[in-house]
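Each reported figure results from applying straightforward, stated rules to the coordinates on display, with no laboratory input. Model, not experiment: these values are computed from the prediction. Note that each Cβ is placed from the backbone with ideal geometry, even for glycine, and that neighbours are counted across all protein chains shown.
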Amino acid sequence: MIQKRSSVIIPNIDQYNTDQFIISLKVSSSCFVCCLQDDEKKMIIALETWDIHTQDEFFDITSATKLVLEQSDILKFKIKQGIIIIDNDKYTLLPEVLYTSGEDQKYLEFNNINTFNEVVYSYSINKISSKIIYSYPKGLENIFSPTIAKLKCIHLIDVLMNTCFSINNEKENVLIHISGKRIDMVITKMQSLLFCNSFHFETAEEFIFYVLNVYKQLNLNTETIPVFLMGDIEKESAIYGILYKFIRNINFIKHDTSIQLSNEFNNESNHSMSVLINSFLCV
């Protein structure tokens, strides 16, 4: 079952030149988000969020995506270009000097990642001279072929690393992204990647345990090293409250300023949209 959580669309969108539309789609097991940009004006003009609720093992992400495509007010347009962001923890990073072509499946299996009925894919992230290897449901890209002319598939971690590297700071930067009950942590210093991993948590206490453990591993000072937040976290949440008890320098990430937001998005959390907006820079 799918349910539309929110929808923001500018007035008179039908009058826009659809040849200039670029879409970013973030797909996870519990949520589907689509964000539409007018590439000519460099402006976000529509955003939809869909929740996926199911306990049926046969109702997978691909099935949910098909339903979203049928009901979405955004995906009815013919779109020239799109990005699918795979939002999961089924990934690993490997230095290119250690990478062997054709071994992607083995790399994921070595990390105990189940890839049954999934596509395994890899590409280079030149900034860290590494390959990202990940998996996602079979047939996912084909669903959009009637609507989106050119489609690129990337992993969420790629967007998070680019965002963390873009922070202008000579100290270590700790980026925390929340997706449901999963925390993704990326830590950089200058232009070097120090840490990248994902953890699952159920309580605020588990959440802060993982964060402080990483701080301890890397010998980071909780008083001086800032945290930058993205995703499903607000100041009123329990995880923010417990984070603030231990780390006082907390910032919410803002989207890349080269892309504008129309006035209709004034009530939307900037940091929750940043992954989608920043992904447009990967086109």
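Brief remarks follow.
- Any hit, segment 54-68, residues being within 21 Å of Phe265 (Cα to Cα), out of contact with any Asp or Glu (no Cβ under 7 Å at 6 or more places or on another chain) and among the small types (Gly, Ala, Ser): no
- Take the conditions (1) more than 16 Å from Glu264 (Cα to Cα); (2) surrounded by 17 or more Cβ atoms within 10 Å (Cβ to Cβ); Thr49 misses just one of them, which is (1).
- In summary, helices (runs of 4 or more DSSP H) completely within segment 179-283 and bearing 1 or more residues that are over 23 Å from Ser166 (Cβ atoms) and of a type in the set (Gly, Ala, Ser) occur at 204-217, 238-246.
- Residues in segment 116-133 that are touching a Lys or Arg at 6+ places or on another chain (Cβ under 7 Å) and surrounded by 15 or more Cβ atoms within 10 Å (Cβ to Cβ) were compared, and the one that is nearest to Thr62 (Cα to Cα) is Glu118.
- Every residue from segment 29-38 that is surrounded by 18 or more Cβ atoms within 10 Å (Cβ to Cβ) and within 14 Å of the chain's Cα centre (by Cα): Cys31, Phe32, Val33, Cys34, Cys35
- Each residue in segment 196-236 was checked for being charged (D, E, K, R), exposed (fewer than 14 other Cβ atoms within 10 Å of the Cβ) and either under 12 Å from Val186 (Cα atoms) or touching a residue at least 24 places away in the same chain (Cβ under 8 Å) (or both), and 3 of them qualify.
- Looking only at segment 76-88, and only at residues there that are surrounded by 19 or more Cβ atoms within 10 Å (Cβ to Cβ) and out of contact with any Phe, Trp or Tyr (no Cβ under 8 Å at 6 or more places or on another chain), the one that is nearest to Glu141 (Cα to Cα): Ile85
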